[in-house]
Amino acid sequence: MDVRAQVSMMFHLDKCIGCHTCSVACKNIWTDREGTEYMWWNNVETKPGTGYPTKWEDQEKYKGGWKLKSEDSPEDKDKIKLRASDKGRGFANLFHQPNLPTIDDYYEPWTYKYNDLFDSPAGDDQPTARPISLITGEPMDIEAGPNWDDDMGGSTVYAANDPDFADLTMAEKKAFFEMERMVFFYLPRICNHCLNPGCVAACPSGALHKRGEDGIVLVNQNVCRGWRHCVAACPYKKVYYNWKSGKSEKCILCFPRLETGQAPACFHSCVGRIRYLGVVLYDADLIESTASAPEDELVDLQREMILDPSDPDVIAQAKRGGMHDSVIDAAQKSPVYRFVKEWELALPLHPEFRTLPMLFYIPPLLPVLGRLENGTYTIDEKDYFGSLDKARVPMKYMARLFTAGNEEHVRKTYEKLLAVRMHKRVEQVGDLNQDDVDGMLKATGLTVEMCEEIYRLTSLPTFEERFVIPPMHREYATELMGDPYTFKAETGVGFANKPKRGL
Amino acid sequence: MTLDQMLFGVFPYLAVVLVIVVTIWRYFSDRFSYSSLSSQFLESKKLFWGSVPWHYGILVVLGGHLISFLIPRTILAWNGVPWRLYVLEVSALAFGLLALLGLVMLIYRRATNPRIRKVTSIMDIVLLLVLLVQVVAGLWTTIFFRWGSSWYAGFAVPYMWSLIRFSPDVSLVSSLPFMVKLHIFGAFSLVALLPFTRLVHLLSLPLSYLWRPYQVVIWNRRDSRRN
Ligand code: HEM
Ligand code: SF4
Ligand code: SF4
């Protein structure tokens, strides 16, 4: 057992209101420089939709993440390889990376020629501010932008091409788009700071690494040589190529903020308060075997990797590995641990990519089950679990997103979410049959106490309960001590020389 | 001192000193600037038809130069039989043409695509033009002065060894045709240009990828991990 700590995350999708405050908070701090205009280390997508970059989930197109070697050659089993390349192909592809998205897969960033509004000579027409490309500086026609398909705008083009529809029958797909049943929800995404990151594995220069103490995945800007294999290998497309500096960049989980005890900007600013952050302890010896498990075991095995931070054996082993008491203490208070491991409510996004993502999601209940009745938004409470079969978003679709297609698994999560809901409904409204609700609790293995705790941590958590930030102990080895805003609008955090594009 | 002595007796040393001193200085003072400066993100299709033929072509041709430099006698012996000479010459020509094709595509792409122009520095233009002259001079030599592979081993290689022995024998090159001289001068110009351009990327060839484990974990407190 090799006990390591990971600063892990949980997003509660029922609470996301799609306001994009998180994205803007991130952009203002980290990606408001030339070369990064198009980057959204945090982005919020409408689901169903094609996302950002367009159709990123379609690995036939982007070839991100890992796959079982046995998919190609059945004899060597259980081992995995990068979908985009192995080491040999990594070298052959240095001159041209066949799976690199181009800027058009994201969008061409632009601004407006605002000065024309002030400087135009007097005339018969109102002056207009024409859009100007932030790359070439030339006038351009805007064809796409961040969240072009927000709230299912242009759904016949975007939502209809959602890669997660793969498992749905034609009829199911059609039903999805019936006017009266139309439904969507938001999917905020940041780097998952994976346990088996494809980005790290693909970098020929070894510029990407996972920090041992907290598991944050970073690109060393001084080591990156612009081979751009990491961009291709991340199945979540969360490494971005800076076209100006010639280096790759990615979400740094605001480590300068974490190191000074503050939540990452997107977490801190989240209006819906959907975001939770905390340490989980895991057994690093299990990374390889878990990542190469059969698809329908991936979620369970990843959960099994996460260790009980109150178990004396785990604590002893963690200490032997040099983990500080304060980190173990933070792990014991971690809200992520509770949602993911204790209550088994939160699921990883697309576990079939096999990077072992450490950002977990509670799938949304309301848009999935809710409907409009006499002009009132309602959920069919009386039907208990039966309502899941009538869900407006088929369980199949949610399974594609969160459980590698295992419908039963995602249904189990939904049953728990429903049970908690019913439990509170009996208590507060009293219009349901207590015995039925008790039956639901029994079926899902939840106790009344658990329901109360889930309810509390979901609906009424304080700031300190949502973000349990472990002390990073940089006093032992200082990478950065100081105000992160010092480096605003710069590349990286602290260079001896100004980092500018090479010759 | 004659012009030939300047160009072929002094300049090569200047170039080598420059490449060593400036490369090291740049590496330690501005490591951030070491990058392939890939522009594939802004334009991918034409880059494929430029970069791939260019690199495979130039790497094979450069490799050929290097092998012949190291084992000139073996090359001369190989070329003793006509069909073997033809095989060598034709392959050299083919890879040279491949490189030229790629290079022309790269130059065309830089010149015409507005996005790529935005990430083109003056040194990029200088480098591409010098490379063009160099490749054209090389191909000219291959086509018009037969058989290059033999007299490269017979004349140019002894000249380069004389440079290494610090007693440059300029007479070996001064009698050669203009295009060949241009090719030799171009080679040392590229050596001199290397640290001032994106050519530093060829020093970054990440060979250690072959043997390192896939995952990289870095501990801030190394001593704290006992295993
Ligand atoms: C050691 C092996 C080499 C590797 C791994 C390598 C890799 C690369 C890469 C990744 C690029 C960027 C392509 C892009 O825009 O995406 C590039 C560009 C370039 N390389 Fe190399 N290279 C190598 C050797 C060479 C050599 C030997 C030369 C010439 C003597 C050379 C000349 C160039 C030039 C001129 C460009 C710029 C192309 C443009 O206009 O965009 N490379 N190389
Ligand atoms: S999600 Fe983050 S850690 Fe995982 S592969 Fe992508 S960039 Fe790497
Ligand atoms: S700030 Fe929070 S609620 Fe708003 S879009 Fe982002 S994750 Fe959703």
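Just one of (1) in contact (Cβ under 8 Å) with a residue 24 or more places away in the chain; (2) touching a strand residue (DSSP E or B) at 6+ places or on another chain (Cβ under 6 Å) fails for B:Arg26. It is (2). Of the set (1) more than 14 Å from chain B (Cβ to nearest Cβ); (2) more than 16 Å from ligand 3 (Cβ to nearest atom); (3) surrounded by 23 or more Cβ atoms within 10 Å (Cβ to Cβ), all apply to A:Phe267 but (2).
Of all residues in the stretch A:432-471, those satisfying the criterion of being of a type in the set (D, E, K, R) and in contact (Cβ under 8 Å) with a residue 24 or more places away in the chain are A:Asp436, A:Glu453, A:Glu465, A:Arg466. Within the option set B:Ile116, B:Ile122, B:Ile107, being farther than 21 Å from B:Leu70 by Cα, away from ligand 2 (no atom under 16 Å from the Cβ) and over 20 Å from the mean Cα position of the chain (by Cα) holds for one residue only, B:Ile116. Listed by first and then second residue, the pairs linking a residue in the stretch A:248-273 that is closer than 14 Å to A:Arg189 by Cβ to a residue that is near ligand 3 (Cβ under 10 Å from one of its atoms) and part of a loop (DSSP other than H, G, I, E, B), with Cβ atoms under 6 Å apart and 6 or more places separating them unless they lie on different chains, are A:Cys251/A:Ile190; A:Cys266/A:Asn42. Does at least one position in the stretch A:191-198 carry a residue that is at pLDDT 95 or above and within 16 Å of ligand 3 (Cβ to nearest atom)? Yes, the stretch A:191-198 contains at least one residue that is at pLDDT 95 or above and within 16 Å of ligand 3 (Cβ to nearest atom).
Inside the stretch B:98-117, residues that are within 9 Å of chain A (Cβ to nearest Cβ) and free of Cβ contacts under 8 Å to residues at least 12 places away in the same chain make up a count of 2.
For B:Met123, the criteria (1) out of contact with any His (no Cβ under 7 Å at 6 or more places or on another chain); (2) at pLDDT 95 or above; (3) buried (at least 17 other Cβ atoms within 10 Å of the Cβ) hold in every case but one, which is (3). Where strands (runs of 3 or more DSSP E) fall wholly inside the stretch A:174-231, the ranges with 2 or more residues that are within 14 Å of chain B (Cβ to nearest Cβ) and among the basic types (Lys, Arg) are A:208-211. Residues that are of a type in the set (Gly, Ala, Ser) and either within 16 Å of ligand 2 (Cβ to nearest atom) or without any contact (Cβ under 8 Å) to a residue 12 or more places away in the chain (or both) do occur in the stretch A:212-221. Of everything listed in (1) under 30 Å from B:Trp211 (Cα atoms); (2) without any contact (Cβ under 8 Å) to a residue 60 or more places away in the chain; (3) in contact with a helix residue (DSSP H, G or I) (Cβ under 6 Å, 6 or more places away or on another chain); (4) away from chain B (no Cβ under 14 Å), the single unmet condition for A:Pro309 is (1).
The values are calculated or read from the model by the stated rules, or taken from the named source; none is laboratory data. This one's a predicted model, so the numbers in the text were calculated from it and none came from an experiment. Backbone-built Cβ (ideal geometry, glycine too); neighbour counts: all protein chains shown.
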